[in-house]
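**Q** One structure coming up, written as structure tokens, with questions to follow.
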Amino acid sequence: MKRWGVLVGALLLAACSKQSAPLYLPEGENYPQTLSEWGMLKLGGGHLQPVAEVTPYDLNTPLFTDYAHKMRTVWMPAGEAANYGEEHFDFPVGTVLSKTFYYPRDEKGQLRLNSQDDRDANTGLALDRVHLVETRILLKQKSGWVALPYVWDEKQQEAHLELAGDSQSLSLLDDQGKALAVNYEVPDANQCAGCHEESHGQGINPLGPKARHLNKDLVYSEGSANQLQHWQQKGLLKGLPAELAGVPQNALWGHPRPGESLEMQARSYLDANCAHCHNPKGPARTSGLMLNLATATGIHSGLCKQPVAAGKGSGDRLVDIHPGKPDESVLIYRVESTDPSVMMPELGRSAVHHEGVDVLTRWIASLDGGC
Amino acid sequence: MRIATLSVLAVSVLLAACGEPEKPAVTHVDFQKELQAKLIKAKAGDVIEIPAGTYQLDRSLSLKASGVTIKGAGMDKTVLSFKGQKSGAEGLLVDASDFTIEDLAFEDTKGDSLKVVGGKNIIIRRVRTEWTNGPATENGAYGIYPVQTENVLIDGALAIGASDAGIYVGQSRNVVVRNSRAEKNVAGIEIENTIGADVYDNVATGNTGGILVFNMPNLQQAGRATRVYHNQVQGNNLGNFGHKGTPVASVPAGSGVVINSNDQVEIFDNDIGEHKTANLIVSSYFSTGYTNLSTAEGFDPYPESIYIYGNRFGPGGDSPDNLELKALRISQYGLSGRLPDILWDGYVNVDKLKDGKLPADLAICVDNGSAGMINVDAPNGYKNISTDMSSHKCSLPKLPAIELASAKAGQGA
């Protein structure tokens, strides 16, 4: 009798504070229907934040998603670590990566378009100042990675598994007082693979936690540190080169470090936003346009290259990148478009990323040569 | 085998459709979610049946699981309409093998209607893809579009109104396209960078160009070995409404069959007629307006080993859709004259010439009764136009038929 009482009490406590331990799911398809069951994020005290065992992370140049802000986290089973690789890390079975998409909200409840950092290293996100849209989960199982979309409810209390995705009409107010209408699409589970299956036939893989994306500082509750070194210190990463100088690093979006040239900013942007499809094994391999870092600037990266199956995506322009002439480049036409059959990326946005277009335009304008 | 039918919903959709025919299209959100959820959870052996009805969708569908069949009640009965589509670059995107789709229609998708990437053993049977407003530059690019696929059967399909190609097979291997119909597209049927394709018993009519066999540069695979035979290719004179920059943009209106930069192509036993520019065109990538800067090393822009025989040519060549050709027709054949049935742009790989002639196995061979061929000498600004057939009176070893299990199985039925 006594023992039962204790157990029930403990269960109740766990339920009230929504604070179960991170879920270890090495196999099986019994995926939680709700986000809270994963035990990665805790919702309470007016905040959403990673639980103690879960580590937040950030990227040098991230993916653009309709100006949504993102909180990313990683969790690995206790005692396990990822193996460092220059291109990919090898994560242990059970690893859970999460990415929560949200918009900042002003005191009137209006969603805002800005690039402020809303995350507090100690308290996470203040719920009265953000609107949560979705949380995406990548889970490493014995059979490979699984991608799961969770959509936040209107009360902002819970996110539910929606394999078929969702769409929401949102309006974002920028600092000049201009509203941007966003037709936000939560991808369906197959569409996740449309980006995350970076190499055909290899299944889903994480795209963000790579050395060149993670190699930057982040403010933790203990203070600021390089993320890779922090992961190593926490026992999450093995095999990191002793000298950080030997570790690749993409440009820091919006705040390029000294020496991060326009070309490097543009290439970092294409790396994060396009290369998972536009690489020799990716979903856009059929176009012959390779925007990954390993492809040198030349015809395969688009210089004077005729589009292959672009249809109206060509925009009546003759080549993907016309050096010196962004206005005659198919690439710029497609990043400026919001027509689903024209725009690039073809998934995951409904708004134009003006700052991204600006960097790409200036880069193409800076290239010499003709076609 | 599991058979999933989307029946309950379909009935309510039908009812709704009958009750209020005039209202603008409202997305059948539940149907869309249910169908996409089925596609996500599908396992090998599953048959997903979609009953008769017109279903309104606003985002693209996708399938990743191999071994799945999608089946409608007929290509005029089960209609997936994407009018007003909000997201997704295609109607249905398939990245899977052992895939069969039959007896349904895709209408008014924003981009491509049915795209299949990178799978093996694909059957597309009695599928209609159509832009219901008729030919228009805003229409999606491709109707039926397998790319980087292997062992593909397209049988009894119907493709109407694509702003690029109605049926477009790209970078694939071992393909049969038959008993299908393509009309009012820029290109009716296009085989591009594909190794081994048989295109037969099809009808291509009312397109800008009827049947195209192309090679594009900068891709992982160069195409060869396509046979186009026993097709009806008639009256493809629609003004080119494709987009500049696309491979089909250079196709002049009034082209029956066009071979561009491809090798080992056999065109025989077709009925080809009523084409203003030419019933048959053999051309090089250079005629599409691009220079060497646009091709990676190793690309072969010359059409070689082309064998044309036993076709029945109807009228054609009386009003070419190209300024140089227009002038040329009048100067060579007079105001009421016509160009010969076969038009060749005249590009040859000079590195391969022996005594001024292409080796026999690389030649363009014509054995087609009285049909003539004109070499318009495009490389030299149309200066030395020639209708001398002597170096083209030859034959080539015939290509083997495509061996495709799914095509054989269908044959007896």
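The values are calculated or read from the model by the stated rules, or taken from the named source; none is laboratory data. Here the structure is a predicted model, which means the values were calculated and not measured. As a convention, Cβ positions derive from the backbone with ideal geometry for all residues, glycine included, and neighbour counts pool all protein chains shown.
**Q** Mind checking which residues of region B:30-68 are more than 8 Å from chain A (Cβ to nearest Cβ) and β-branched (Val, Ile, Thr)?
**A** Matches in region B:30-68: B:Val47, B:Ile48, B:Ile50, B:Thr54, B:Val68.
**Q** From the list A:Ser301, A:Ser329, pick out the single residue that is touching a strand residue (DSSP E or B) at 6+ places or on another chain (Cβ under 8 Å), crowded, with 24+ Cβ neighbours inside 10 Å, more than 10 Å from chain B (Cβ to nearest Cβ) and not aromatic (Phe, Trp, Tyr).
**A** Within the list A:Ser301, A:Ser329, the selection yields A:Ser329.
**Q** Quick check on B:Asn218: is it away from chain A (no Cβ under 14 Å), of a type in the set (S, T, N, Q) and either closer than 16 Å to B:Phe106 by Cβ or out of contact with any Asp or Glu (no Cβ under 8 Å at 6 or more places or on another chain) (or both)? Reasoning before the result, please.
**A** Working: away from chain A (no Cβ under 14 Å): no; of a type in the set (S, T, N, Q): yes; either closer than 16 Å to B:Phe106 by Cβ or out of contact with any Asp or Glu (no Cβ under 8 Å at 6 or more places or on another chain) (or both): yes.
Judged against the criteria, B:Asn218 is not a match.
**Q** Run A:Trp152 past the list (1) closer than 28 Å to A:Leu25 by Cα; (2) touching a Ser or Thr at 6+ places or on another chain (Cβ under 6 Å) and report the number of the one that doesn't hold.
**A** (2)
**Q** Considering region B:94-104 alone, what residues qualify as being in contact (Cβ under 8 Å) with a residue 40 or more places away in the chain and either within 14 Å of chain A (Cβ to nearest Cβ) or buried (at least 24 other Cβ atoms within 10 Å of the Cβ) (or both)?
**A** B:Leu104
**Q** A further question follows. When only residues in region B:144-164 that are in a loop (DSSP other than H, G, I, E, B) and within 11 Å of another protein chain (Cβ to nearest Cβ) count, which is nearest to B:Ala407 (Cα to Cα)?
**A** This residue is B:Thr149.
**Q** Same structure again: For a quick check of your reading: which strands (runs of 3 or more DSSP E) sit entirely within region A:143-191 and have at least 2 residues that are touching a residue at least 60 places away in the same chain (Cβ under 8 Å) and closer than 22 Å to B:Lys33 by Cβ?
**A** Filter on region A:143-191 gives A:144-152, A:159-161, A:179-186.
**Q** While we're looking at this one, here's another question. Looking at B:Ala253, B:Ala296, B:Ala225, which is the one that is more than 10 Å from chain A (Cβ to nearest Cβ), assigned to a loop (DSSP other than H, G, I, E, B) and touching a Gly at 6+ places or on another chain (Cβ under 9 Å)?
**A** B:Ala253
**Q** Counting residues that are within 20 Å of the chain's Cα centre (by Cα), which strands (runs of 3 or more DSSP E) fully inside region A:29-136 reach at least 3?
**A** Answer list for region A:29-136: A:47-50, A:55-57, A:69-75, A:96-104.
Results for (1) touching a Pro at 6+ places or on another chain (Cβ under 7 Å); (2) surrounded by fewer than 21 Cβ atoms within 10 Å (Cβ to Cβ); (3) touching a residue at least 12 places away in the same chain (Cβ under 8 Å), shown as yes or no for each residue.
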position: B:Ile281; (1), (2), (3): no, no, yes
position: B:Leu293; (1), (2), (3): no, yes, no
position: B:Tyr307; (1), (2), (3): no, no, yes
position: B:Asn311; (1), (2), (3): no, no, yes
position: B:Asp321; (1), (2), (3): yes, yes, yes
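**Q** Further question on the same structure: If B:Ile259 meets every condition in (1) more than 20 Å from B:Asn368 (Cβ to Cβ); (2) of a type outside the set (S, T, N, Q); (3) in contact with a Pro (Cβ under 6 Å, 6 or more places away or on another chain) apart from one, which number is that one?
**A** (1)
**Q** While we're on this one: Is it the case that B:Ala197 is farther than 22 Å from B:Thr288 by Cα and touching a Gly at 6+ places or on another chain (Cβ under 7 Å)?
**A** Against the criterion (farther than 22 Å from B:Thr288 by Cα and touching a Gly at 6+ places or on another chain (Cβ under 7 Å)), B:Ala197 does not qualify.
**Q** I need every pair where a residue in region A:275-286 that is outside the structural domain of A:Val342 (by TED's automatic domain parsing) has its Cβ under 7 Å from the Cβ of a residue that is basic (Lys, Arg) and assigned to a helix (DSSP H, G or I), sequence separation at least 6 or different chains.
**A** Listed by first residue and then by second, the contacts come to nothing, as the list is empty.
**Q** Any idea which residue in region B:115-136 is nearest to A:Glu198 (Cα to Cα), counting only those that are within 14 Å of chain A (Cβ to nearest Cβ) and part of a strand (DSSP E or B)? Step through it out loud before you land on a result.
**A** From region B:115-136, those within 14 Å of chain A (Cβ to nearest Cβ) are B:115-120, B:129, B:131, B:135-136; that's our starting set.
Pick out the ones that are also part of a strand (DSSP E or B) and you get B:115-117, B:120, B:129.
On the way: B:Lys115: 18, B:Val116: 17, B:Val117: 14, B:Lys120: 19, B:Thr129: 29 Å.
Only one residue fits best here, namely B:Val117.
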